[in-house]
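The values are calculated or read from the model by the stated rules, or taken from the named source; none is laboratory data. The structure presented is a predicted model; accordingly, all values stated were derived computationally and were not measured. Glycine also receives a Cβ, built like all others from the backbone with ideal geometry; neighbour counts cover every protein chain displayed.
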Amino acid sequence: MVTESIFPPAAEVAWLVCHTKPRCEKKFAALLSAEKFEHYLPLVQSVRRYAQQTKKFTKPLFPGYVFACVPLERKALIYQQDLLARAITVDDQPKFLRQLADVRTIVASGFELSVMPLLTKGRRVKITGGPLYGLEGFVDNASHPQGVVLSVDVLQKGLLVKVPIENLQVLP
């Protein structure tokens, strides 16, 4: 939920990417609302089919994350209920706000969407599924990925292996 900012322009505020503890996003957003902090928790509809029934519910688009605009002198309040793992300061606020506006537009459109890892050439990744589980390598070409290059450093060679994108986890 995004609310009108109630803080005077003189108050120093910062947008934070709040990394919540597991399954605490909605509780944390409720805390932000109670404290009257501007925030955004993008939610999407999800449908689960069980043997006897179908259930619809909303879930966070980015599990574990809530975006919040917090006055710096009141930042300690976001830690009061032990729902937050850490708060990450956003360096480029204008760029972040443009991207957040894009996310709002996409979520509001109702189009089906899914979150994908941002792959760039040379990005280190770990294979998370299949017979190559646990191996690490580099993305070969972000625009048309052919796979992952696994290094054999002693020979100064690499092995290009085709791996489905859903089996890749981006490493820091």
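Summary of computed values
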| item | result |
| --- | --- |
| Inter-residue pairs, beta-carbon under 7 Å, first farther than 13 Å from L160 by Cβ and in the stretch 132-150, second part of a loop (DSSP other than H, G, I, E, B) and modelled with pLDDT of 85 or more, 6+ apart | E136/L171 |
| Matching entry among L119, L100 (being in contact with a strand residue (DSSP E or B) (Cβ under 7 Å, 6 or more places away or on another chain), part of a loop (DSSP other than H, G, I, E, B) and not assigned by TED's automatic domain parsing to the domain that holds L159) | L119 |
| From K55, K59, K27, residue being within 14 Å of the chain's Cα centre (by Cα) and farther than 25 Å from P94 by Cα | K59 |
| Residues of the stretch 104-116 that turn out to be within 20 Å of V66 (Cβ to Cβ) and either in contact (Cβ under 8 Å) with a residue 60 or more places away in the chain or assigned to a loop (DSSP other than H, G, I, E, B) (or both), as a count | 5 |
| Qualifying residue in the stretch 70-83 (condition: surrounded by 12 or more Cβ atoms within 10 Å (Cβ to Cβ), on the phi < 0 side of the Ramachandran plot and of a type in the set (S, T, Y)) | yes |
| Candidate set: the stretch 1-34, residues that are at pLDDT below 95 and of a type in the set (D, E); chosen: the one surrounded by the most Cβ atoms within 10 Å (Cβ to Cβ) | E12 |
| Unique match (being under 16 Å from the mean Cα position of the chain (by Cα), at pLDDT 90 or above and either of a type in the set (A, V, I, L, M) or farther than 25 Å from L171 by Cβ (or both)) among L97, L83, L113, L119 | L97 |
| Residue within the stretch 37-60 that is on the phi > 0 side of the Ramachandran plot and assigned to a loop (DSSP other than H, G, I, E, B) present | no |
